[in-house]
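First comes the structure, then the notes that go with it.
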Amino acid sequence: MGYVIEGKTGPWEVVIGLEVHAQVISQAKLFSGAATAFGGEPNHQVSLIDAAFPGMLPVINRECVAQAIRTGLGLNAEINLWSRFDRKNYFYADLPAGYQISQYQHPIVGKGEIEIELSDGSTRRIGITRLHLEQDAGKSLHDQHPTKTLIDLNRAGVALMEIVSEPDMRSPEEAGAYLRKLRTILRYLGTCDGNMEEGSLRADVNVSVRRPGEGFRTRCEVKNVNSVRFVMQAIEAEARRQIAIWEEGGVVEQETRLFEPGRGITRSMRSKEDAHDYRYFPDPDLVPLVIDAAWVEELRRTLPELPDAKKRRFMEQYGLPAYDAGLLVAEAATADYYEKLARGRDPKLAANWMIGDLFAALNRTGRSIEDPPVAAEGLGELLDLLTDGTISGRIAKEVFEIMVETGEGARAIVEKRGLRQVTDTAAIEQAVAEVLAANADKVAEYKSGKEKLFGYFVGQVMKRMAGKGNPALVNEVLRRVLGGG
Amino acid sequence: MSLDFETVRRIAHLARIRVEDDELPKLAAELNTILGWVEQLAALDVAEIPPLTGPVSMALRMREDVIDDGGIPEKVLANAPERLGDYFVVPKVVE
């Protein structure tokens, strides 16, 4: 039995579909030559087309089309060689034309699917209904003036891909996994940077509830949820609201709602009453978009290795467990780092150091894998010192922390601070003798059968040697001196 | 097909055109005339004819992904009824 919410009158299943708006990575906008870069001076990245001046005609950007095709291929979807643009009509202050150019009846990408991984290790396939190209709107600033709204059209006309899923998800976890997977694929493809904080990836969540085994009931759309965590919270909040209505004998009305993260609830957007009457019609300024099959094949040939394929390869080539491989391929830059590190080294050791020490260091320093405190070459040098016995595992952890703090190389730190592992048997024998002499009572206990004390002696010897004793040799010498080992 | 006054009122509202009640009968009659004319087309058998989506049979031409426009805030804002710095200013529109 999957995820259910226990209501007062029995269990309820949740049905979820996502509409994700992903901002296309391109230099110029979908239909104009104005720049797309984030954070420009207000209204400086606007052409007269974006501002909807009379008489201006849109001309489509080839790269935006290519990005949509690449994304479609990455979603295992059919590419429609013939598609068309329609006008979606509504009035809002940040939409100068009074319509958005979108693709309603004939999207550029049709049905596809992606595979998501869940925390219990299982996988599920989630259907993609379609992907279409459309223009973004401008930005409204409501908090800069008590009675006025300020409008910046820099974002107006930037290309978006709207990616619509089938209502295939049944839990907040699945929706979160879907959104994360979609983001990973887009970032691998280089078609969207996936930055949810800057709004380059935004999700509308369709939620309904039903009794297990029933058909679909009325759904509500929760708009513009801008983090994976909020998507998961919004689904649960909205599902509980709908369950309460059904259980009290009411009827859920189809409507658009907003999630309020602070209060953990969704609320109605009453002003969007007319919003669904968009009166779509084919844009008379734009003839059909016809794509050459050979171009699609060329784009397919130049696609990068995608996360699923990379994960499978990591498991086969490096012998990694699925969980580790999944962590390492979540970002292309992480996978690149790993492959540099693992080359010519023990792949499992490399994976452990990345997933453990390096990821912890990234978290602690707030840095990213693209700008790590220790580069792959540097960590590799450390692993080499560990593998050839120059330093012990314990010292290696210490050296790594010093590398993170100071940026110095592993070898330099080891030499400068005298951290080389001691493999000189005489030095180890001396340390052992000193420890045993200082603990005559414990030696007696050990000899009378309390063998657990062996670990204590090892610890004391290592401490006396400042962690630099070769652990295998320390064990060997201790066993010999204590006898009976 | 015949439009009632309520539908005409709604169409006007969606188009943000202000229509007084006494104008509704005249508008409804005009719209009904147009719809009646379009309905005559339904008598034609077009089962064998592919839909025509534009007056000419051609495909979109594409532009290269090059920044060659923008950087003209004065022109963009030239007709703004009100501005603040380089922003357009409109009455507060907030959910």
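Read-outs: derived from the displayed coordinates by stated rules, not from any lab. What you are looking at is a predicted structure, and each value in this text was computed from that prediction instead of being measured. We place every Cβ from the backbone using ideal geometry, glycine too, and count neighbours over all the protein chains shown.
Take the Cα of A:E197, step 7 Å toward its Cβ, do the same at B:V46, and the gap between the two points is 5.2 nm. Within the listed set B:E23, B:E82, B:E64, the residue fluctuating most in the Gaussian network model of chain B (springs between alpha-carbon atoms under 10 angstrom) is B:E82.
Between A:D384 and A:D371, the distance separating the two model label sites (each 7 Å from Cα on the Cα→Cβ line) works out to 2.8 nm.
At the listed q of 0.15 Å⁻¹, the Debye profile of the stretch A:304-416, built from one uniform point per Cα, gives log10 I(q)/I(0) equal to -0.62. Quarter the surface of the alpha carbon convex hull of the stretch B:1-87 and you get the mean projected area, 11.7 square nanometres.
Rounded to two decimals, the Cα radius of gyration of the stretch A:370-454 over 2.2 N^0.38 Å is 1.51. Placing a label point 7 Å from the Cα of B:A59 along the Cα-to-Cβ direction, the residues of the stretch A:124-167 whose backbone N falls under 18 Å of that point are A:133. Semi-axes of the equivalent ellipsoid for the stretch A:8-167, computed as √(5λ) from the eigenvalues of its C-alpha gyration tensor and ordered from largest down, come to 32, 22, 15 Å.
Computed over the alpha carbons of the stretch A:92-246, Rg followed by Dmax gives 17.4, 53 Å. Within the stretch A:445-467, list the residues whose amide N lies under 13 Å from a label point set 7 Å along Cα→Cβ of A:A438. It comes to A:457-467, nothing else. Scaled against 2.2 N^0.38 Å for its residue count N, the alpha carbon radius of gyration of the stretch A:425-482 is 1.01. Highest mean packing comes first when the peptides A:444-450, A:381-387, A:402-408 are listed by Cβ atoms within 10 Å, giving A:381-387, A:402-408, A:444-450. Distance between the 7 Å Cα→Cβ label points at A:Y92 and A:T423: 6.8 nm. Note on the stretch A:173-306: Cα-only Rg and Dmax are 19.2, 58 Å.
Calculated mean residue ellipticity, 222 nm, the protein assembly as shown: -11500 deg cm²/dmol, from DSSP H runs (n ≥ 4) at -39500 (n - 2.57) each, averaged per residue and rounded to 500.
At q = 0.25 Å⁻¹ the log10 of I(q)/I(0) for the stretch A:71-156 amounts to -1.11, computed by Debye summation with a single uniform scatterer per C-alpha, solvent ignored.
Rg over Rh for the stretch A:5-298 works out to 0.97, using Cα positions for both radii and the Kirkwood form for Rh. Straight-line reach from A:K311: taking Cα to Cα under 20 Å and skipping same-chain neighbours fewer than 8 places apart, the lysines in range are A:K181, A:K340, A:K348. Candidate cross-link partners of A:K310 among the aspartates and glutamates, defined by an alpha-carbon separation under 16 Å and a same-chain spacing of 8 or more, comprise A:E115, A:E117, A:D324, A:E331, A:D336, A:E339. The length gained by stretching the chain between A:R267 and A:D292 to full extension, at 0.36 nm per residue less their Cα-Cα distance, is 4.4 nm. Just the Cα atoms of the protein assembly as shown, one point each, no solvent: what log10 I(q)/I(0) does Debye give at q = 0.07, 0.11, 0.13 Å⁻¹? With no solvent term, the Cα-only Debye profile gives -0.61, -1.16, -1.42. Phi-derived couplings, Karplus 6.51 cos²θ - 1.76 cosθ + 1.60 at θ = phi - 60°, listed residue by residue for the stretch A:228-238: 4, 4, 5, 4, 5, 5, 4, 4, 5, 4, 5 Hz, with x used for Gly and Pro.
Counting only aspartates and glutamates at least 8 places from A:K450 when in the same chain, those with an alpha carbon closer than 13 Å to its own are A:D441.
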